[in-house]
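Have a look at the structure below, then the notes.
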Amino acid sequence: MVRPSWPRVVPMTAGVLLALALTGCSLFGRAEGATTADQPGGSPAAATGRPVHLVQKLGPDGSPRTLEVDPGGRWQCRDCAGDGVDSTGQLTPEQTHRLQRMLDDPALTRETDEVRRYKQGCVGALTSTLLIPPGLTITTQDCPGEERPRVAYQILLLLTQATPAEDKDKG
């Protein structure tokens, strides 16, 4: 039997863990009572929109901060300001509509890490990764001179301005 090489095992393991985490988040959101258009209080956006997950990390040793936004605009944030506080909330209808419009923008497929062949360039910078099912991953760093993907950066700005997901460590 041929043993797999480590360079192949690590990315595959990371991919499996990411898929499990996203599946768990989706199931977690339903268990908490997320609504759809078929349920009372549901909205068409909840039935047809896309969720988005934001993971941020400050430097190589920082703890990850996560923000999950469902298609209806409900959000849940874990340590998203880097202060250990978890919170939940709801985007306004206008913010939710704007977010869903950006998530449906075909340009996002050209902004993925794979297409851009993205490599992190700064040590100690805030790294933000948008995970947009099914399968879009877009990473940016808060580095001088780093090119920012147009649509993904607008999504990042909306999420960080409408929720506590901002870098409290910056001075």
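The values are calculated or read from the model by the stated rules, or taken from the named source; none is laboratory data. Keep in mind that this is a model prediction, so the values were computed, not measured. Quick reminder, even Gly has a Cβ in these numbers, built from the backbone with ideal geometry, and neighbours come from all protein chains shown. Note: accessible area is taken over every heavy atom of the protein model, side chains too, but ligands, DNA and RNA are not part of it. Shrake-Rupley method; radii C 1.70, N 1.55, O 1.52, S 1.80 Å.
For the peptides 123-134, 97-108, residues were scored by their other Cβ atoms within 10 Å and the scores averaged per peptide; the highest-first order is 123-134, 97-108. When the alpha carbon coordinates of region 95-153 are projected onto the principal axes, the ranges are 34, 24, 17 Å, largest first. Around Leu91, which amide H atoms from residues at least 5 apart in sequence, or from another chain, sit under 5 Å from its own amide H, with H modelled in the peptide plane? Long-range HN contacts for Leu91: Arg74, Trp75. For His97 and Glu146, a Förster radius of 30 Å and the Cβ-Cβ distance give a FRET efficiency of 0.55, rounded to the nearest 0.05.
Heavy-atom surface analysis with a 1.4 Å probe gives region 58-171 a carbon and sulfur content of 51 percent of its accessible area.
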